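The values are calculated or read from the model by the stated rules, or taken from the named source; none is laboratory data. Please read all numbers here as calculations on a predicted model, not as lab measurements. Here the Cβ positions follow ideal geometry from the backbone for every residue, glycine too, while neighbour counts run over all protein chains shown.
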Amino acid sequence: MANTRRVVGALLSNASHALSPSRVTLQGQAVALEPLQESHTEALYKHIGSAKDSWLWDYMFNEPPTDAEQLKSLVASWATSEDPLFWSIRVKTGPIQGIVGYISYLRITPAHRTIEIGNVMYSPALQRTTAATEAIYLLARHAFRDLGYRRLEWKCDNLNEPSKKAAARYGFVFEGLFRQHYIVKGRNRDTAWFAILDSEWLDGGLEKAFEQWLDASNFDENGRQKKRLEEFRSAESRLT
């Protein structure tokens, strides 16, 4: 008689559901993630809403707002959404402080303990700053430590090179390309998929690498990093 048993996945020691994220403020040293509110529109428009900032929307699903009222309408709808769940990014230190961008969780699936970081809108005032990196750290830590997720995803248009480079820098592992995944603003989008697993964050040294990079001792008196995040990640991976 033929053996009809098939290879199946490993049985999990914990197959319980993750928690659904809620509208809580996540506090860091350089940044605070605050639940998005309609009252944040004015600050957001200043940094991402004018004609000179239209390029920031190239890879977003929405067209750039034509005026503050249109952005206000978008923000009002996002502020009540459960999935995606949006935060405003408030910078607390440095020359430009206040709300300078937004970010979200999406594809929130507690039953399978998977969640995604997306809708990443970093204004020029936020790009390439400590606050920008800390925002990702806060959402990753919250997903893995507080909510119990086992997989954190990052997806972007395959033509969006800055997003792909950011994902790699943060430690997301490239998993493949979904060809002809979306039609966005009448154009084809192939989607690059990345993810971090709970084992990589909690036990693989990734969380610790972020914390070492964010530590004040890693920055000089002018706020310049002494060691790159990738160096801390590499050092931690050799220890695990």
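What to note about this one:
- Segment 226-240 - residue that is closer than 13 Å to GLY171 by Cα and hydroxyl-bearing (Ser, Thr, Tyr) and, of those, modelled with the highest pLDDT: SER234
- Test: residue in segment 169-188 that is farther than 22 Å from GLU34 by Cβ and crowded, with 18+ Cβ neighbours inside 10 Å: yes
Table: residues versus (1) under 30 Å from SER217 (Cα atoms); (2) at pLDDT 95 or above.
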position	(1), (2)
GLN27	yes, yes
LYS52	no, no
PHE61	no, yes
SER81	no, yes
THR93	yes, no
GLN127	yes, yes
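- Listed by first and then second residue, the pairs with beta-carbon distance under 9 Å, at least 6 apart or on different chains, first residue in segment 25-36 and within 14 Å of GLN97 (Cβ to Cβ), second buried (at least 18 other Cβ atoms within 10 Å of the Cβ) and basic (Lys, Arg), are VAL31/ARG90; ALA32/ARG90; GLU34/ARG90.
- Residue in segment 95-125 that is modelled with the lowest pLDDT, counting only those that are within 21 Å of LEU56 (Cα to Cα) and in a loop (DSSP other than H, G, I, E, B): ILE96
- Residues of segment 182-214 satisfying the condition of being small (Gly, Ala, Ser) and within 23 Å of ASN160 (Cβ to Cβ): GLY186, ALA192, ALA195
- When segment 189-240 is limited to residues that are surrounded by 15 or more Cβ atoms within 10 Å (Cβ to Cβ) and touching a His at 6+ places or on another chain (Cβ under 8 Å), the one that is farthest from TRP154 (Cα to Cα) turns out to be ARG189.
- Of the residues making up segment 16-38, those that are under 16 Å from LEU147 (Cβ atoms) and assigned to a loop (DSSP other than H, G, I, E, B) are SER16, HIS17, ALA18, LEU19, SER20, PRO21, SER22, ARG23, VAL24, THR25.
- Failed criterion for ILE89 (all others in (1) of a type outside the set (D, E, K, R); (2) surrounded by fewer than 16 Cβ atoms within 10 Å (Cβ to Cβ); (3) under 22 Å from SER22 (Cβ atoms) hold): (2)
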